[in-house]
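Asker: A single structure is presented below for examination.
The values are calculated or read from the model by the stated rules, or taken from the named source; none is laboratory data. Keep in mind that this is a model prediction, so the values were computed, not measured. Cβ sites come from the backbone with ideal geometry, for glycine too, and all protein chains shown count toward neighbours. Just so you know, the surface numbers come from the protein's heavy atoms only, side chains and all, with ligands and any DNA or RNA stripped out. Shrake-Rupley method; radii C 1.70, N 1.55, O 1.52, S 1.80 Å.
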Amino acid sequence: MEENRSVTSFKIGGEFFAFETQAIRHILEFTAPTRVPLTKPFFKGIINNHGNMIPVVDFRILLGKEPDDTFKEQSIIVVAIETGGKEELCGFKVDEMDDVFEYEASDFKREVVIDVNDEVQHAVAGTIKVDDKFVYLLKTAELANALT
C-alpha cells in the first residue's frame, strides 16, 4: 500500500500547482530580487537568503503568462533541486500560496493537459483532484531542465 504524499500548493494565473513538501526549503515573502543582466525573461534575479545566493524565476513568465505584480500575497518558494548528486536551491515567484495537504494515490492522475511549452509540460508529473479543484504536481528536477 502506497502512503499518502504531502504537497504544498500555490496559484499562478488562477491555476493551482504544487511541489512535494519535502523539496521546499523556505517560503519567503516576495522581495524584489537583484536583477542580473542578459538573462532569460523569466529569470527575475537573485536574492540573498541566510548567505545563500538563490536565483528567482517568475513562474508566470515561465508558463507563458504576462507578468503581474498586483497580487498582495506574492511569495517566493525556495525548492531544493538535485543536480549531479548536489543540492541546488532555486526560488519561484508565485501569485499566492494555497495549502499544504496529503493526497491518496487514487486522487492522482498522470494524464495532464496543460497549455505550456514542452519543457514545462515534462515537469508536470500529473494532476491531483482536491475537493473541487485540480492541482498540477511539479517535478523539481525536470522543472530545472526547463530553466536552461
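Asker: When residues of region 35-70 are filtered for being crowded, with 17+ Cβ neighbours inside 10 Å and outside any strand (DSSP E or B), how many remain?
Answerer: Qualifying residue count, region 35-70: 6.
Asker: Across region 1-15, which residue is nearest to the chain's Cα centre (by Cα) among those that are closer than 17 Å to residue 120 by Cβ and open to solvent by 40 Å² or more (accessible area, probe 1.4 Å)?
Answerer: 11
Asker: Which condition number in (1) touching a residue at least 12 places away in the same chain (Cβ under 8 Å); (2) surrounded by fewer than 16 Cβ atoms within 10 Å (Cβ to Cβ) is the one that residue 139 fails?
Answerer: With (1) touching a residue at least 12 places away in the same chain (Cβ under 8 Å); (2) surrounded by fewer than 16 Cβ atoms within 10 Å (Cβ to Cβ) applied to residue 139, the lone miss is (2).
Asker: Let me ask something else. When the residues of region 117-132 are filtered to those that are more than 25 Å from residue 26 (Cβ to Cβ) and open to solvent by 30 Å² or more (accessible area, probe 1.4 Å), which remaining residue is modelled with the lowest pLDDT?
Answerer: Residues of region 117-132 more than 25 Å from residue 26 (Cβ to Cβ): 117-118, 121-122, 126-127, 129, 131-132.
Keeping just the survivors that are open to solvent by 30 Å² or more (accessible area, probe 1.4 Å) gives 117-118, 121-122, 129, 131-132.
Working: 117: 62, 118: 66, 121: 75, 122: 78, 129: 88, 131: 85, 132: 87.
The qualifying residue modelled with the lowest pLDDT is 117.
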